[in-house]
1. Can you pull out every residue in region 16-72 that is touching a Phe, Trp or Tyr at 6+ places or on another chain (Cβ under 7 Å) and among the β-branched types (V, I, T)?
2. If you take the residues of region 1-21 that are closer than 20 Å to K68 by Cβ and in contact with a Leu (Cβ under 7 Å, 6 or more places away or on another chain), which of them is surrounded by the fewest Cβ atoms within 10 Å (Cβ to Cβ)?
3. If I filter region 29-46 for residues that are closer than 18 Å to I65 by Cβ, touching a Ser or Thr at 6+ places or on another chain (Cβ under 8 Å), open to solvent by less than 50 Å² (accessible area, probe 1.4 Å) and not small (G, A, S), do I get at least one hit?
Amino acid sequence: SGTAPTAQADLDIQKNGSSIGTVTFAASANTAGFTFASEIAFAAGDRLSVIAPGSQDASLADISITFKGTRT
């Protein structure tokens, strides 16, 4: 993030509307951690979404997220 949050901020990662993981920005951190319960596979047409919490940190701004995957 360009501007770090004042408190921990968790963003929900979803596949086709179902939660599959979390992006977590710790308080005062510009770099996030990613948590997934297991390896996730996507097929053509699947939708990946990152959902902000309903109550957002007023400081967290300029977020950029990159996902890396492999094709099998």
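The values are calculated or read from the model by the stated rules, or taken from the named source; none is laboratory data. What you see is a predicted model; the values in this text were computed from it and never measured. Every residue, glycine among them, receives a Cβ derived from its backbone with ideal geometry; neighbour counts consider all protein chains shown. Ligands, DNA and RNA are stripped out before the accessible areas are found, and what is left, the full protein with its side chains, is counted by its heavy atoms. Shrake-Rupley method; radii C 1.70, N 1.55, O 1.52, S 1.80 Å.
1. Passing the criteria: I20, V23.
2. Step by step, filter region 1-21, then rank; the result is K15.
3. no
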